[in-house]
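Novice: Input: one structure, supplied below.
The values are calculated or read from the model by the stated rules, or taken from the named source; none is laboratory data. This structure is a prediction, so every number in the text was calculated from the model and none was measured. Here Cβ is always computed from backbone atoms with ideal geometry, including for glycine, and neighbour counts include all displayed protein chains. Accessible surface areas use protein heavy atoms only, side chains included; no ligands, DNA or RNA. Shrake-Rupley method; radii C 1.70, N 1.55, O 1.52, S 1.80 Å.
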Amino acid sequence: MAFESLSERLQNALKMFRGNGKLTEEDLKAPMREVRMALLEADVNFKVVKDFVAKVKERAVGEAIGEGLNPHQQIIKIVNEELIELLGGTQSKLTVAPKPPTVIMLVGLQGAGKTTTAGKLANYLKRKHKKPLLVAGDVYRPAAITQLQVLGEQLNVPVFTLGDKVSPVEIAQKAMEKAHSLACDTVIIDTAGRLHINEELMEELRNIKGAVHPQEILLVVDAMTGQDAVTVAESFDKELGIDGLIVTKLDGDARGGAVLSVKAVTGKPVKLIGLGEKLDALEPFHPDRMASRILG
Ligand code: GDP
């Protein structure tokens, strides 16, 4: 599971706090050095780590120890609160269009888990009594269309495709008509990825965005790629504008840096997380639950 090593190191660092009195800067030095190292080793962005440590230190020295708490419990309370803040504060829910259908466009690099996530998202929404339509907009990877059709069949969710000879913009537009005729309330558009970000990809995504005005443009990133995921998020946000992220493969041994850095670096929240290859392995992201999991 992701975060294992960070979790262990952070817990050990926090055990270093002893004593009963008010926390001094001297008390904080060694343990906070450990916290800093733990975060850096988890591949958290350097500046994010610096700000995080500074904030925790400032609060720990400045704040009166809470009633009934010892300094050890006090520092855990502060680190927990700051971790929640770092992870985005409160849960960021998916935006729903005032008038259906809600359009969700999934973007990201090849292999991040877009097509699988499209299926998982359809399943997630179906369980919430929504009626999704999956749209095969990745016309460059021939297997992507079939992959989506297979997922749709498994889920009993309609899949709209016009094959791979039609432009994704036209597919997206026609999909909206299909959604109306099938009375679908959510349209999930799978888009093409590339191995690297390039202008052609961004142009195509901007054109789809312009044609169907999605409520949510969600960037799918692979947790295993660490800081690269954050760099990718910055580029997509600058070039296209994103509303949030879906971080996949958190069931693996990702160090967690992407999840911990992305909100602070890009200002965009993680909305959902992928925890496996199966269709039910998608969950809403709760910053408070993730922080508790990290702190044990
Ligand atoms: P795309 O190129 O972005 O559409 O990526 P795919 O949806 O084809 O996914 C690439 C690989 O990642 C596939 O083998 C998926 O089964 C796998 N994958 C996607 N999400 C997850 C996840 O949350 N956990 C794990 N372990 N594998 C995932």
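Novice: Among DSSP bridges having both ends in the chain, what percentage is antiparallel? Round to the nearest 5.
Specialist: 10 percent
Novice: Moving to a separate point now. Run the quick spin-label model on L279 and K47: label points 7 Å from Cα toward the beta carbon, then report their separation in nm to one decimal.
Specialist: 4.3 nm
Novice: While we're looking at this one, here's another question. Pull up the DSSP beta bridges for region 102-197 and report the antiparallel fraction as a percent, rounded to 5.
Specialist: Bridges in region 102-197 are about 0 percent antiparallel.
Novice: I've got another one for you. Using alpha carbon coordinates only, what is the Rg to Rh ratio of the chain, with Rh defined as the Kirkwood radius?
Specialist: 1.06
Novice: If you don't mind, another one. Using Cα-Cα distances under 8 Å and only pairs 6 or more residues apart, what relative contact order does the chain have, in percent?
Specialist: 26 percent
Novice: Per residue, how large is the accessible surface of region 112-215? Use a 1.4 angstrom probe and give square angstrom.
Specialist: On a per-residue basis, 46 Å².
Novice: Which order, highest average first, do 23-31, 200-208, 133-141 follow once you tally other Cβ atoms within 10 Å for each residue and take the mean per peptide?
Specialist: So the order, starting with the most tightly packed, is 133-141, 200-208, 23-31.
Novice: Compute log10 of I(q)/I(0) for region 113-160 with the Debye formula, placing one identical point scatterer on every Cα and leaving out solvent, at q = 0.19, 0.23, 0.31 Å⁻¹, to two decimals.
Specialist: At q = 0.19, 0.23, 0.31 Å⁻¹ the computed log10 ratios are -0.51, -0.73, -1.22.
Novice: If packing is taken as the mean number of other Cβ atoms within 10 Å per residue, what is the order of 259-271, 177-189, highest first?
Specialist: Ranked by mean Cβ neighbours within 10 Å, highest first: 259-271, 177-189.
Novice: Output the antiparallel fraction of DSSP beta bridges having both residues in region 211-296, as a percent to the nearest 5.
Specialist: Counting only bridges with both partners in region 211-296, antiparallel ones make up about 25 percent.
Novice: Residue by residue, what Karplus-based ³J(HN,Hα) values in Hz, rounded to whole numbers, does region 224-234 have, using 6.51, -1.76 and 1.60 with θ = phi - 60° and x for Gly and Pro?
Specialist: Listing the rounded values in order: 5, 8, x, 4, 4, 4, 5, 5, 4, 4, 4 Hz.
Novice: Distance from a point 7 Å along Cα→Cβ of R293 to each backbone N in region 117-142: keep the residues under 18 Å and list them by number.
Specialist: 117, 120-121, 124
Novice: Rounded to a whole number, what % of the accessible area of the chain do carbon and sulfur atoms account for, probe 1.4 Å?
Specialist: 51 percent
Novice: Amide H neighbours of S167 under 5 Å, at least 5 residues apart or on other chains, H built in the peptide plane: list them.
Specialist: Result for S167 returns nothing.
Novice: Now for a different question. Long-range amide H contacts for T248: which residues qualify at under 5 Å (H placed 1.01 Å from N, peptide plane, sequence gap of 5 or more or a different chain)?
Specialist: V221, D222, A223, G274
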